[in-house]
1. Rounded to the nearest 0.05, what FRET efficiency is calculated for Asp106 and Val208 with R0 set to 60 Å and r the Cβ-Cβ distance?
2. Using the 10 angstrom Cβ neighbour count as an exposure proxy, how do Trp350, Trp145, Trp23 rank, fewest first?
3. Under the 0.36 nm per residue contour assumption, what length would be gained going from the current alpha-carbon distance of Ser98 and Lys342 to full extension?
4. If the limit is 30 Å between Cα atoms, which of Lys248/Lys403; Lys9/Lys277; Lys70/Lys244 go over it?
5. Ranking Val245, Val291 by Cβ neighbours within 10 Å, fewest first, what do you get?
6. Extending each Cα 7 Å along its Cβ direction at Lys313 and Cys241, get the distance between those two points in nm, one decimal.
7. Give the lysines whose C-alpha is closer than 21 Å to that of Lys157, dropping any in the same chain fewer than 8 places away, or say none.
8. Say R0 is 30 Å: what FRET efficiency, to the nearest 0.05, do Lys154 and Asp255 get from their beta-carbon distance?
Amino acid sequence: MDLISSYNKYTLHTEPPEQFHFWTLIHGVGSALGRKVFYQQGLLEYYVNLFIILLGPPATKKSTALGLTKKFLQQMPEDFFFLSNIMTKEKLLDEMSSPAHRRSFDAIGRRWEFSQATGFCSEISSFIGENYRADSMGNFLIELWDEKYQIEEKTRKHGTVTAKLPFGNFIGGAVPEWFYNKLSTEIISSGLARRFLLVYAERPARPVPFPDDVDKEITDNIRNHFFRITQMVGRMTLTECAKKVHLKYYDKNYDPAPNLPDYVKSFMGTKAEFSLKLAMIFSAMRDSTRVIDGPILDFSWRLLSYLEGDFDKIYAKMGTNQLNPMASKVTKYLNAERGTSKAVLLKKVWRDMDVQSLDMVLDNLVTMKAVEVTDTMNGDGTTYKLTKESCVREPMNFFDEAKELMKPHSFKSGPVSVGPSFLEFEQQQNQVAQQQNHEAALLLNAPELEQQ
């Protein structure tokens, strides 16, 4: 059974929302890959490191979702370095530079080592801090995201500390209010926000007072997939179909409208990079061929667009979205009409906003594709009406759609060495240990054997 189907069954009778389970799995697979897998286009190299924040009110079971994926990484033979909820950037860099926390692999005739930090933080506010500063953890995360070769910092205890080939993969939970009550708007202008993928849910999926036991076959299958993924090494490739898909979406997002809110423009500027990172992860979930096809890349782009649809809720009280209460009134009137002119709208909302404010609200709604503008046939003026997308937003069935990507592919690829399953690996390790114990016992008893 493929990883997506197995993980869906594994989490089916739990309380966290489906999107939290889905994105936590994405983070787990990215952490298993580390820097062992990459995609190169020209002078640019892309790795699968992602910064993900699960956003929702208290008790939306964010920590539960994080823990269910983390335990599979903890069962791997490699020693992953997991971030704690509260730590300084100096401590983080010390741990990343420690030989005990380096991961290694063999490629092109030599052994490579890289410094990886993997975060499953239940409260991101404790990890990043209450306020954004130039010397804060948030600023260090920007450097960790961008740097491909090494990070060097001066610390009080150990002098200059260097983390070579750094790889930081991070997921944490937070409440939406954290964005506009605890952090200043500098987090937007600094560029930290555009490196975050924000996954929003309003409530748990379902009440589960007595969770069911999970079939051991399912957990073993998930563990085997994680183990297979940790063994993957090499460069990802795009099929010709995938290149065409990427070009189509790239052109649409390259030049966003100038009147978009800053947080939307910054996100759109990173969507192309996000899409490639996600596509690499989905490819690894499917098999070890390291090939990205068109459907995988198309799904990655659509997944990002779905996240973008929740921005108005996440940034509800920040920056330009202070007009949201006015926008709600406008959309309320538009929803009751097939089409309305600005003059009619002004008669409805004149107690709450003037002409200038109404213009700003309408411009914003048009830019966000919530409202469309048409000219009347008789030339009386412009008509505003809600788009179909803004009236009803169909929920995305994350696991169901992703399962379609896991089906056997039709493109040609070379032979792939999948390697042993996790159970076979354990058996091999036990056999080696038994042989070593036997040899040690023979050495200890050698004098007695000689006397006999």
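1. Once the sixth-power term is evaluated, E becomes 0.85.
2. Ascending number of Cβ neighbours within 10 Å: Trp350, Trp145, Trp23.
3. 81.5 nm
4. Exceeds cut-off: Lys70/Lys244.
5. Listing Val245, Val291 from fewest to most nearby Cβ atoms yields Val291, Val245.
6. 3.3 nm
7. Answer for Lys157, where 21 Å is the Cα cut-off: Lys89, Lys91, listed by chain and number.
8. The pair Lys154/Asp255 has a calculated efficiency of 0.15.
Throughout, read-outs are computed from the coordinates displayed, never taken from laboratory work. Just so it is clear, the model here is predicted, and its values are computed rather than measured. Glycine also receives a Cβ, built like all others from the backbone with ideal geometry; neighbour counts cover every protein chain displayed.
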